[in-house]
Every structure is written in structure tokens, then in C-alpha cells.
Ligand SMILES: [Zn+2]
């Protein structure tokens, strides 16, 4: 996955297009990510126990990784990234627009 937890990404498709948020969760198998503040779904819950509130809960639903772009702080927009292999064989990501390295947080 080119997206990691705590990355700042921009949503590029759907109702939340243009929104930015932090990646809260990465699901590599499903190639999906949960982005803070984006793709809200409403869950209607019934009170199950005495004293339970029930009602409508809003929470973020996973978005497909192809629908988000990593935000380059230098370009200040969602960009495509290039993966570089460093001398120590670790991977680094750089912006295809300006070449800026985008660190994992
Ligand atoms: Zn850039």
C-alpha cells in the first residue's frame, strides 16, 4: 500500500471529493483506508439494553485506496507518489510533481 496510517490524504472521488483528512486505519487486504472526517455513514441503532441510547451514529466508512491521494505539503495538493529504495533498502516515498520526500508519520 502506498498509503500508511497517519498520512494526510485527499479524497478524489465520491461525495467527499476534495476533502482532506488523516488516515485512521489501513486495510491492506481490502485495499481500503479509513479517513478521518470523510465518507460518513449513518448507523441506525436500536437501544439494546436498558439505559442504552440508540439512535443514529455517524462514523467513517472505509474508502478504496484508489480514491485517495497522498497530500504533498510542498505542492499543497493530492499527488501521485514514486517509491524509492534507499541505500539501506528501506522504502521512501517522493512526490512525482516536486520530488519532495513524504515521510511516514
Ligand atoms: Zn510535491
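Given their separation in residues at 0.36 nm each and the Cα-Cα distance between them, residue 36 and residue 66 gain 9.1 nm when the chain is fully extended. Averaging Cα coordinates gives a centre for region 1-57 and one for region 58-97; these two points are 18 Å apart. Rounded to 0.05, the FRET efficiency of the residue 94 and residue 43 pair, given R0 = 41 Å and the Cβ-Cβ distance, is 0.55.
As a rough footprinting exposure proxy, the listed residues 100, 58 were ranked by other beta carbons within 10 Å of their own, and the order from fewest upward is 58, 100.
The radius of gyration of the Cα set in region 3-79, together with its Dmax, comes out at 15.0, 52 angstrom. Normalised by the number of residues in the chain, the mean separation of alpha-carbon contacts (under 8 Å, six or more apart) gives a relative contact order of 22 percent.
Modelled label positions at residue 5 and residue 75, each set 7 Å beyond Cα in the direction of Cβ, lie 2.7 nm from each other.
Coordinate-derived values only; no laboratory data. Since we're looking at a predicted model, the values are computed, not measured. Please note: Cβ atoms are built from the backbone with ideal geometry, for glycine as well, and neighbour counts cover all protein chains shown.
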